[in-house]
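The values are calculated or read from the model by the stated rules, or taken from the named source; none is laboratory data. This structure is a prediction, so every number in the text was calculated from the model and none was measured. Virtual Cβ from ideal backbone geometry, glycine too; neighbours counted across all protein chains shown.
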Amino acid sequence: MLDYDDPFADVNPWDEKPALTENPIAEERPMTTPATADNEGFCATLKFGAGYDAPWLVVRDDSAEGLKRKIGEAKQSGLLEAMGKASAYVVTLAPPKAEKPAGQPSFSGGRVQQAGSSEGGHKGDLTCTHGNRSHVAKGTWEAYFCNADERAGEEKCPPAFLDKKTGKFTVKR
């Protein structure tokens, strides 16, 4: 009557032997190249750029002399120059990286970075009536201090501390 096995039957599914079926994929085929993890011998990786995306040329040999010979052959045959030119060309085919819209600040290195600024370094009140201020950074704070000569009777201007929200140095009055 039932189209399915009785779930309450007193039968252990592990006691039953599964029916063996032929698997056409599992047939033995000879390998064209043996897959071995050969950690013996010598290997040199020549990288054509500083970034992670730079192409590599990997040269392997059983001996140091053989590896040196292969690298020399690659140089003499012009392979290295061809790889360099090819890698420079391939980089031009990559899609351009999206830039952040101008004027949009970003958070990097623990502080706000203002986009589109040509100054690049510290911003804000970096000078006072006595000239350029001196930069001091300790622990979690940074500030620019006045260079007035107190021994000569000059009074120092108030320091310009880094406002971490804006990324600029401001004098708090």
Worksheet entry | Which listed residue, of ASN39, ASN12, is modelled with pLDDT of 70 or more and assigned to a loop (DSSP other than H, G, I, E, B) | ASN12
Item to complete: Kindly indicate whether ALA50 is of a type in the set (Gly, Ala, Ser), exposed (fewer than 10 other Cβ atoms within 10 Å of the Cβ) and modelled with pLDDT under 75.
Response: no
Discussion item. Any residue at all in the stretch 110-124 that's in a loop (DSSP other than H, G, I, E, B), closer than 30 Å to TRP56 by Cβ and modelled with pLDDT under 80?
Written reply: no
Discussion item. If the requirement is being farther than 30 Å from LYS164 by Cβ, in contact with a Phe, Trp or Tyr (Cβ under 9 Å, 6 or more places away or on another chain) and modelled with pLDDT of 75 or more, which of these qualifies: LEU93, LEU79, LEU57?
Written reply: LEU57
Practice prompt. Tell me which residues, restricted to the stretch 126-155, are without any contact (Cβ under 8 Å) to a residue 24 or more places away in the chain and of a type in the set (Gly, Ala, Ser).
Written response: GLY131, SER134, ALA137, GLY139, ALA148, ALA152, GLY153
